[in-house]
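Have a look at the structure below, then the notes.
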Amino acid sequence: MDSNDPEGTVPGPRPVGVAGLSTPYRVLVALALGAVAVAACWHLALVFLHVAPSNTLSKRHARTIDDWIYPEFEQNWKLFAPNPLQQNVAVQVRAQVRDGAGGLVTTGWRDLTAQDTDAIRHNPLPSHTRQNELRRAWDFYTSSHDEEEKANGERGALSEAYLQRIAVRRLAGTYGGGDLLRIQLRGATTALPAPAWSTEQTDTATYYRELPWWTV
Amino acid sequence: MVDRVRAAAGRALARVTGQALGAYQSAVLRIGVAGTWLLFLLREFPHRRELYGPESPWGWDLGRRLIDTNDAFTVLMWSDSAVWFEISYALALAGGLLLLLGWRTRAASVLFMVGVLSLQNRSVFMGDGGDNVIHLMAVYLVFTRCAQVWSLDARRARRGGGPGPGGSTDGAAGPVLWAVLGLVLAYAAVAGHLSAGWAAAFGALWAVQGLWWAVDRSDPQGEARAALDTLANIVHNAALLVIMAEVCLIYATAGWYKVQGSRWQDGTALYYPLGLDYFTPWPDLSGLLAGSGTLVMLLSYGTVVVQVAFPFTLLNRRVKNVLLAVMMLEHAGIAVLLGLPFFSMAMIAADAVFLPTGFLVRAGGWAAASAARLRLRRRSQGKAGAEAGPTLPQPGAGSARAAGAGREACVVAVPGAGAGGAGPAGGGRAEGEAGAGWEVGSAEAAGAGPQAGVGAVPGAGAEPGAGAGAGAGAGAGAGAGAGHGPDAEVGRADGAGAAHGPDDGAGEVRVPPPAGPVDQARPATS
């Protein structure tokens, strides 16, 4: 600590910072400085280990890191990395409806992503409801289900409920006066064509991933 | 050698305890982040119920189930009623506005954080990278003294002359706000809405505010007040360091992961986002850009280079500034091209903590001058003569305020001498004058319009002007005058004159304070 500063002897204005304080306060400030410095370094170290690729340290202290980071300091900065998404994924839905006469009708596929795209086109301020809602719900679903559409745990169940509600919400008013009984979703993945100026060949056929029918 | 190390350590200690560094940088971050959030909430106002409210496909029950597993904080889980949701959304808007203005900033920053966390954690799958940035900064801003300049708090403190009853803690709004927030906190704790950690955190923030107010009112020049000030500086400086490191981590992560990607390596990466349905609001424009392989490659490589390099360029001021400008431009481009305006705004706000003080001061001056000019034009229409009276600095009011300024300046004068540098001495002046740019420029200059003389009155006018550009250099000149009431007032009058002067750029430079990183002596705002 700065010892060449007379303390409390100067009448009038007080020097700023630690220089203007008497010993008990200096001790307090020193303790606080130490604690704050440790806290800041601790936080930055854990955030670093959280955003870095899985490594020796982050594997060894995974529990400590996750306890500190989640939920409020969670972050992901792999923006278009390591590679940007190279395909358009469209989420489509069809419904099974009991019409007024009591018959079962299965509707055609309706492209929900196309609705989002229409809303985004020529809009300088796209809404999160159009840009993120369905897109991220589908990501959530695919990341919490295996190839056989089996949910892994609570997150899988949540993602199913979420996706189903989005679909039902967007189907409202499209099937006349009947009762909505069941819905089925599918993801239609189409790779972007290789750039015109490159020699690459890309298969741009659309591939579908059909989910099972869900009872509404 | 040992002595030099000791001296350096002593200087560093004096710096981190004596000042809340980066007054302008933290203010611009505050305004940028709060402004982004506010605009976002206004833009989504028609969709608010679908995003976070009763109409959301991510229903309250789903949110409940997820939050039961991760313990995220959100007041929207306190009740599933539609009324409570509307109240919460309104409070989130209020938090954004109050933090933007810097009104009772300590409370506002907590309200802002509560608003951000509550809405975002209610529906985590609605957000993107921009929300993530705002989320983190909302937490960090609580720990910063981000309203030292460009805020209503700073104006109030300046008018009252710094710490004490007439200054930063003046008015009934503070205690009332504190009492109301205390009641809400008590209710939330008793009703079991808060985890132990959050209850402790909010309780501590609330208690510190009460303590600060009590000490500031009872003995503004006392040692306890000085100790609180020192502690606040330490916390602010640590938080600012964390914020800067966080921005570096964002770029470093974004860049280093890209380096590993084959598409970034072969220089075609940028082509792909330009073809994604979700990120092409202007398909023709995107197509145009995607049509040039050379351009795509240069931009792809440029993005990676800039992102990877950014943290290291902090070692060199000039390179850092160039890169900062490039990154801000790139984000502006992303805002339009990829249709991510709020993400880009949040990133630009975060980038802005690295802007040089001189630039921020000048930008603030321009803003104040154009605001004053605008107001002047409106005011002067039709009643030029009538305004002549109020335009002169009122002797009575002037001296009262000057006395305050003198008090503040006195506090400052000593460490200036002690530290052997004029820098801190400039601080008192800096604060006084920031106001001149921001507030006098609007309030007094408006009336002063017809009086061509005012702007030309004090010869001293040139001094702050020079100082503004030269940073700490103004400390010497300003320090001398700052101790005296009248001089300080002259400075104001001059600032006012500058703000409404003829449309030459020179006037604008004069408005704001001289500043370096050393520009805050004892900030009255907490």
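Throughout, read-outs are computed from the coordinates displayed, never taken from laboratory work. Owing to the predicted nature of the structure, the values given are computational and were not obtained by experimental measurement. Heads up, the Cβs are rebuilt from the backbone with ideal geometry, glycines too, and the neighbour counts pull from every protein chain shown.
Evaluate E = 1/(1 + (r/R0)^6) for residue A:199 and residue B:295, where r is the Cβ-Cβ distance and R0 equals 22 Å; express this FRET efficiency to the nearest 0.05. Show your work: numbers first, answer last.
Values: r = 18 Å, r/R0 = 0.83.
Once the sixth-power term is evaluated, E becomes 0.75.
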Choice from A:117, A:202, A:23 showing the highest fluctuation, given a GNM over chain A with Cα pairs closer than 10 Å: A:23
Could you run the Debye sum over the Cα atoms of chain A, one equal point scatterer each and no solvent, and tell me log10 of I(q)/I(0) at q = 0.15 Å⁻¹, two decimals? -1.14
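Under 1.5 on a/c is rounded, so check that first for segment A:93-168, then, if it is not, pick prolate when a/b is larger than b/c and oblate when it is not; a ≥ b ≥ c are the square roots of the alpha carbon gyration tensor eigenvalues. List each step's numbers first, then the result.
Details: a/c = 2.56, a/b = 1.09, b/c = 2.35.
Oblate shape, in that a/c is at least 1.5 and b/c is the bigger or equal ratio.
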Which of the peptides B:113-123, B:358-368 is most tightly packed, and how do the rest follow, judged by the mean count of other Cβ atoms within 10 Å per residue? B:113-123, B:358-368
P(r) for segment B:52-117, please, calculated from all Cα pair distances in 5 Å bins and given in %. 4, 18, 23, 21, 16, 10, 6, 1
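What is the mean projected area of the alpha carbon convex hull for segment A:87-215, to one decimal in square nanometres? Don't skip to the answer; put the middle values down first.
Working: hull surface 40.1 nm².
Projected over every direction and averaged, the Cα hull of segment A:87-215 covers 10.0 nm².
Cβ neighbours within 10 Å, averaged per peptide: list B:273-281, A:52-60 in order, most packed at the top.
Descending mean neighbour count gives B:273-281, A:52-60.
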In nm, give the distance between the simple-model label positions of residue B:83 and residue B:319, each being 7 Å from the Cα along the Cα-to-Cβ direction. 6.1
In degrees from 0 to 90, rounded to the nearest 10, what is the angle of the helix A:153-171 Cα long axis to the longest principal axis of chain A? 60
Specify the angular offset, from 0 to 90 degrees and rounded to the nearest 10, of the alpha carbon long axis of helix A:23-51 from the longest principal axis of the alpha carbons in chain A. 30
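If I take every Cα pair under 8 Å that is 6 or more residues apart in segment B:251-354, average their sequence separation and divide by the length, what percent do I get for the relative contact order? Intermediate values should be presented prior to the final figure.
Working: 106 pairs, mean separation 30.7, N = 104.
Rounded, it is 29 percent for segment B:251-354.
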Stokes-Einstein diffusion coefficient of segment B:73-222, Kirkwood radius over Cα pairs, 4 °C, 1.567 mPa s, in µm²/s: 79
Hey, what D do you get for segment B:178-277 in µm²/s if you plug the Kirkwood alpha-carbon radius into Stokes-Einstein at 25 °C and 0.890 mPa s? 134
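If R0 is 25 Å, what FRET efficiency do you get for residue B:366 and residue B:328 from their C-beta distance, rounded to 0.05?
On the way: r = 17 Å, r/R0 = 0.68.
After rounding, the FRET efficiency stands at 0.90.
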Classify segment B:251-354 as rounded, prolate or oblate, taking a ≥ b ≥ c as the square roots of the eigenvalues of its Cα gyration tensor: rounded when a/c is under 1.5, otherwise prolate if a/b is larger than b/c and oblate if not. oblate
Positive dipole terminus of segment A:57-120, leading residue within A:106, A:75, A:57 (C-beta point charges): A:57
Could you give the nm distance between label points at residue A:147 and residue A:105, where each point is 7 Å from its Cα heading toward the beta carbon? 3.9
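Which shape class applies to segment B:330-382: rounded if a/c is under 1.5, otherwise prolate when a/b exceeds b/c and oblate if not, where a ≥ b ≥ c are the square roots of the Cα gyration tensor eigenvalues? Present the calculation step by step, with values, prior to reporting the outcome.
On the way: a/c = 4.56, a/b = 1.79, b/c = 2.54.
The shape class here is oblate.
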Could you work out, residue by residue across B:49-55, how many beta carbons of other chains sit within 10 Å of that residue's beta carbon, and then give the average as an integer? 2
Quick check on packing: order B:199-208, B:227-236 by the mean number of other C-beta atoms within 10 Å, highest mean leading. B:227-236, B:199-208
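Other chains near A:191-198: what is the mean number of their Cβ atoms within 10 Å of each residue's Cβ?
Details: counts 2, 7, 1, 2, 10, 4, 9, 6.
Partner Cβ neighbours, averaged per residue: 5.
Shielding by partners for B:66-78, please: the mean number of other protein chain Cβ atoms within 10 Å of each residue's Cβ.
The mean count of partner-chain Cβ atoms within 10 Å per residue comes to 2.
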